[in-house]
1. Considering only residues that are in contact with a helix residue (DSSP H, G or I) (Cβ under 8 Å, 6 or more places away or on another chain) and surrounded by fewer than 16 Cβ atoms within 10 Å (Cβ to Cβ), which ones fall in the range 1-38?
2. Within the range 37-71, count every residue that is assigned to a strand (DSSP E or B), among the aromatic types (Phe, Trp, Tyr) and either closer than 13 Å to Phe3 by Cβ or at pLDDT 90 or above (or both).
3. List every residue pair whose Cβ atoms lie under 8 Å apart, where the two residues are 6 or more positions apart in sequence or sit on different chains, the first residue falls within the range 1-19 and is touching a residue at least 60 places away in the same chain (Cβ under 8 Å), and the second residue, located anywhere, is surrounded by fewer than 13 Cβ atoms within 10 Å (Cβ to Cβ) and aliphatic (A, V, I, L, M).
Amino acid sequence: MHFNGKLGDGPDIKYSQNGDPIATFSLAFRLSKDKTGWVKVVCFNKTAEVAETYLHKGATILLSATLDYNQWETHNDIGDVESLFSPEKQPD
């Protein structure tokens, strides 16, 4: 899948137990003339390092990634989130 959009915030960098970098950020994209969609992006390893170095809030990017859909339920509500994952292998 390809998404063209703007970063809602700069990448948040964390590290796996093995020390591999993981970057997350939100990406806004246009659904229609009057509607904006948001998706959470997760990048791993070298792609996470590149995101940390070059991306910032408001940056326009074209992203090629896989889409994952998660849903959860609490006692009062049902929530869901769509996430994009960079094509690089996820850390073990």
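The values are calculated or read from the model by the stated rules, or taken from the named source; none is laboratory data. A quick note: this is a predicted structure, and the numbers were derived from the prediction, not measured. Because the Cβ atoms are built from the backbone with ideal geometry, glycine has one as well, and the counts that use them run over all protein chains shown.
1. Matches in the range 1-38: Ile13 only.
2. Summing the residues that are assigned to a strand (DSSP E or B), among the aromatic types (Phe, Trp, Tyr) and either closer than 13 Å to Phe3 by Cβ or at pLDDT 90 or above (or both) in the range 37-71 gives 1.
3. Met1/Leu67; His2/Leu62; Phe3/Leu62
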